[in-house]
Structure formats: C-alpha cells, structure tokens
1. Return the residue satisfying two criteria in turn: it lies in the stretch 48-68 and is among the polar types (S, T, N, Q) and modelled with pLDDT of 75 or more, and of such residues it is surrounded by the fewest Cβ atoms within 10 Å (Cβ to Cβ).
2. Can you tell me which condition Lys90 does not meet? The list is (1) modelled with pLDDT under 80; (2) in a helix (DSSP H, G or I), and all the others hold.
3. Output the number of residues of the stretch 4-22 satisfying the condition of being farther than 16 Å from Tyr155 by Cα and open to solvent by 50 Å² or more (accessible area, probe 1.4 Å).
4. Being modelled with pLDDT of 95 or more, surrounded by fewer than 17 Cβ atoms within 10 Å (Cβ to Cβ) and over 20 Å from Met1 (Cα atoms): is that true of Pro131 here?
5. Determine, yes or no, whether Gln40 is within 18 Å of the chain's Cα centre (by Cα), farther than 23 Å from Thr158 by Cα and not in a helix (DSSP H, G or I).
6. If you scan the stretch 15-37, which residues turn out to be assigned to a loop (DSSP other than H, G, I, E, B) and over 18 Å from the mean Cα position of the chain (by Cα)?
7. What single numbered condition from (1) within 23 Å of Pro29 (Cα to Cα); (2) at pLDDT below 95; (3) open to solvent by less than 50 Å² (accessible area, probe 1.4 Å) fails to hold for Lys141?
8. For the subset of the stretch 93-128 comprising residues that are more than 23 Å from Ile61 (Cβ to Cβ) and basic (Lys, Arg), which member is modelled with the lowest pLDDT?
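The values are calculated or read from the model by the stated rules, or taken from the named source; none is laboratory data. Nothing here was measured: the structure is a model prediction, and the numbers come from that model. Note that each Cβ is placed from the backbone with ideal geometry, even for glycine, and that neighbours are counted across all protein chains shown. Quick note on the areas: whole protein, heavy atoms, side chains included, nothing else; ligands and nucleic acids left out. Shrake-Rupley method; radii C 1.70, N 1.55, O 1.52, S 1.80 Å.
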Amino acid sequence: MKIIGIDPGLNGAIAILEDNKVLDILDMPVMPEGKKNKRQLNSAQLVKYIKDNLDEKSKEIIVVVEQVNAMPGQGVTSMFNFGQTFGAIKGICAALGLPIFFVRPAKWKKYFGLINCSKDASRTKAIEMYPSISDQLSKKKDVNKSDAILIARFYSETRFNLQDK
C-alpha cells in the first residue's frame, strides 16, 4: 500500500511511503500570484506529481492529510489562503478517486512523543527513523517534509485502529 502524507499549506510538503519506506518527499508545489511575492498552490503540478506516483503495482493508495483549523493570532488573509490550499488538496484527491483520511496534529504528534516539543523535533524524529534521507531533511525549513513523512507513517502504523472508528 502506498500512503501519501500531506502537510497542507503553501509551506507544506508531501511524502510518499510504501511499506514504511520513503519513496519520495517534495515541498508543496507553489507558483507566484500577482504582486508582492505572494504565492499560491500550483494545483496542476500537484495533480501531475500524484498521478506520476500512481501505478498498477500499488493496489491500494491512501492520502492522509493533517486536519488543520484556524488558529488565534493568524491573519484573515493567511487563513483564507491556507483554507484555499487545503480545499484544493481535498478536491484533487476527490477528482483522482483517492481515499482521503484526516489526522489532527495533536494525534500524530502524541503518537511520536512530540507534544510540547519544538517544531524542529519532528525533523529529528524523521531523521532517526530514516537516516538514509537525512540529507533531504538537513535544513530547518525541511520540518514540513518531516511532518509529511510522520503523518504518513502514523497512518501506516495505526490505520486498522483508525478505520474501525
């Protein structure tokens, strides 16, 4: 089974795991939007990336997305953009006929012992679990890739418990 883990948002990332092995990780594809260095999701590139990773051999493909909400202190515009990206991801998965599951950050972080830890702790955890890809997680900004990996891994390890509920 292939599991596509997604940390949504313009600074998010996508990880593809099969049998708990990381096949690929990618920063969320974005493109410029208007002026002032604004960005938006490049939906076409995301669709192409997901389609390129669908194959006949993988009988089952699951998409797991971090379930996010608005947070106090965040601006209206940034939350709107975030919600727009989250909705686009849901729409892309629906259009491709891919089953999608949502997991709250507190749930997967608790599973990996990352509650009340620094944001960078997930990167450390992912490197411990996958030392062979540590070069792809070497920068502080790679924390989103780590989150996507751990989101997919969480589903892989707990899926039977989650599907029964």
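1. Top of the filtered list is Gln67.
2. With respect to (1) modelled with pLDDT under 80; (2) in a helix (DSSP H, G or I), Lys90 is out only on (1).
3. Within the stretch 4-22, residues that are farther than 16 Å from Tyr155 by Cα and open to solvent by 50 Å² or more (accessible area, probe 1.4 Å) number 1.
4. Against the criterion (modelled with pLDDT of 95 or more, surrounded by fewer than 17 Cβ atoms within 10 Å (Cβ to Cβ) and over 20 Å from Met1 (Cα atoms)), Pro131 qualifies.
5. Against the criterion (within 18 Å of the chain's Cα centre (by Cα), farther than 23 Å from Thr158 by Cα and not in a helix (DSSP H, G or I)), Gln40 qualifies.
6. Glu33, Gly34, Lys35, Lys36, Asn37 - these are the residues of the stretch 15-37 that are assigned to a loop (DSSP other than H, G, I, E, B) and over 18 Å from the mean Cα position of the chain (by Cα).
7. Condition (3) is where Lys141 drops out.
8. Top of the filtered list is Lys119.
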